[in-house]
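The values are calculated or read from the model by the stated rules, or taken from the named source; none is laboratory data. This one's a predicted model, so the numbers in the text were calculated from it and none came from an experiment. Cβ placement follows ideal geometry from the backbone for every residue including glycine, while neighbour counts extend to all protein chains displayed. Protein only, heavy atoms only, side chains kept; ligands, DNA and RNA dropped before computing areas. Shrake-Rupley method; radii C 1.70, N 1.55, O 1.52, S 1.80 Å.
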Amino acid sequence: MNQAVIETDFPGLDLIKRGKVRDIYDLGEHLLMVATDRISAFDVVMPDPVPDKGKILTRISMFWFREMESIVTNHVISDRVEDFPEICAPYADTLRSRSMLVKKAVPLEIECVVRGYISGSGWKSYRGNSTICGIRLPGGMKESDKLPKPLFTPSTKANMGEHDENIDVETTAEIIGRPLAEKVRALSLAIYEKGADIAAAKGIIIADTKFEFGLVDGELILIDEVLTPDSSRFWPRSSYKPGGSQKSFDKQYVRDYLLSLDWNRTPPGPRLPGEVIQNTRSKYLEALHLIVGDDHTI
């Protein structure tokens, strides 16, 4: 196991944002996006990292960015450190396998969530009034049931430490405009459906996921990360059984641990035991190996 990267500090590079997982640097014409090993849950960054998590997320995202190029353009210029500007060279060892040189895009002010199965906040909403984001569903559904068809259920994009809120399609149109709202809905569903088919053949159910889009010179492109264990619920097909929560390859394991504690889901997050960290890393690695088919050491 490699030493964890909790945060980066590159003298001479302009750090413009430190998100829940990614540190972003302005390189002038482009951005440098670095995936650290930080892990968040309930929109709170935990004090303990998961070693190699940033490398795993980057490798999985790169796989999906390539797979989805037939559907939508993305922001990636290169994930090879050798292609980065010379100013990055002193930090090559840290950047390797966990960073991308990307286009500068103006992010949309929404998260594009797609649900193929009923779980999480969707299950909570359904239990209340048989709807998710204003979309009425058949009665009698069970937790983790497959939905009649995938749903586009966007949310607001909260600041660090705040919580995203589910919104309906009309509110989405008010925020970003109806033509753009309709376009991201169609793209989100198309990406999810292709990803779900590919993952199913590899033994994974993608229960739900979220995408981010941005604009570059008026063109809508896919940005950030794609279909990773951080942004999605991955369930093993072999043990799938509706009627309750499922085994997973994602950070639901961390959420379940935190829910067992007397913690109010506000910063600071509690320390994670070594066993939880190691098991989380193992789950992420399993997702990587199943999806990408890469058995090499991280």
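Compute the Rg to Rh ratio over segment 1-131 from the alpha carbon atoms, using the Kirkwood formula for Rh, and round to two decimal places.
My calculation puts Rg/Rh at 1.03.
Report the gain in length on full extension from Lys183 to Glu82: 0.36 nm times residue separation, minus Cα-Cα distance, nm rounded to one decimal.
Length gained, Lys183 through Glu82: 32.8 nm.
With every protein chain present, what is the per residue accessible area of segment 112-173 (1.4 Å probe, Å²)?
Normalised by residue count, the accessible surface of segment 112-173 is 49 Å².
Once the Cβ-Cβ distance between Lys149 and His289 is put in as r, and R0 is 25 Å, what FRET efficiency do you end up with, to the nearest 0.05?
0.25
Rounded to the nearest 0.05, what FRET efficiency do Arg265 and Lys194 have when you use their Cβ-Cβ distance and R0 = 35 Å?
0.55
How many nm separate the modelled label positions at Arg136 and Asn279, each set 7 Å beyond the Cα in the direction of the Cβ?
With each label placed 7 Å out from Cα toward Cβ, I get 4.2 nm.
I want to verify a result. In a Gaussian network model of the chain, Cα cutoff 10 Å, which of these has the top mean-square fluctuation: Tyr192, Tyr91, Tyr253?
Tyr91
Return the calculated 222 nm mean residue ellipticity for the chain, to the nearest 500 deg cm²/dmol, obtained by summing -39500 (n - 2.57) across DSSP H runs with n ≥ 4 and dividing by the residue count.
Calculated at 222 nm, the ellipticity per residue is -9500 deg cm²/dmol.
What aspartates and glutamates could a cross-link reach from Lys104, if we take a straight Cα to Cα line under 13 Å and drop same-chain neighbours fewer than 8 places away?
Hits, sequence-local ones excluded: Asp26, Glu29, Asp217, Glu219, Asp224.
Can you give me the accessible area per residue for segment 225-298, using a 1.4 Å probe, in Å²?
52
Net charge around Ser144, counting only other residues with Cβ within less than 12 Å of its Cβ (Lys, Arg = +1; Asp, Glu = -1)?
+3
If I take every Cα pair under 8 Å that is 6 or more residues apart in segment 52-189, average their sequence separation and divide by the length, what percent do I get for the relative contact order?
So the answer I get is 21 percent.
Tell me the Rg and the Dmax, in Å, that the Cα atoms of segment 62-165 produce.
That works out to 19.4, 59 Å for Rg and Dmax.
Which links in Lys53/Lys149; Lys20/Lys146; Lys20/Lys157; Lys20/Lys55; Lys149/Lys251 stretch past 20 Å when you go from one Cα to the other?
The pairs that break the limit, which is 20 Å between Cα atoms, are Lys53/Lys149; Lys20/Lys146; Lys149/Lys251.
How large a share of the accessible area of segment 1-73, in percent, is made up of carbon and sulfur atoms when the probe is 1.4 Å and the other protein chains stay in place?
C and S fraction of accessible area: 46 percent.
Find, to one decimal place in angstroms, the Kirkwood hydrodynamic radius of segment 154-277, where the mean of 1/r is taken over every pair of different Cα atoms and then inverted.
17.0
Between segment 69-86 and segment 178-222, how far is it from one alpha carbon centroid to the other, in angstrom?
One Cα centre to the other: 18 Å.
Which is the longest run of the chain containing none of the GluC sites (Glu not before Pro) found in DSSP loop states (not H, G, I, E, B) with at most 14 other C-beta atoms within 10 Å?
166-298
Taking 8 Å as the Cα distance limit and 6 or more residues as the minimum spacing, I'd like the relative contact order of segment 170-279 as a percentage.
Worked out over segment 170-279, it gives 16 percent.
What part of the accessible area of segment 259-298, given as a whole %, is carbon or sulfur when the probe is 1.4 angstrom?
Here it works out to 49 percent.
Per the 1.4 Å probe, what fraction of the accessible area of segment 76-235, in percent, lies on carbon and sulfur atoms?
48
Report the full-extension gain for the segment Arg96 to Ser239: residue separation times 0.36 nm, less the Cα-Cα distance, to one decimal in nm.
Using 0.36 nm per residue and subtracting the Cα-Cα distance, I get 47.9 nm.
Counting only heavy atoms of protein chains, what accessible area per residue, in Å², does segment 1-90 have with a probe of 1.4 Å?
43
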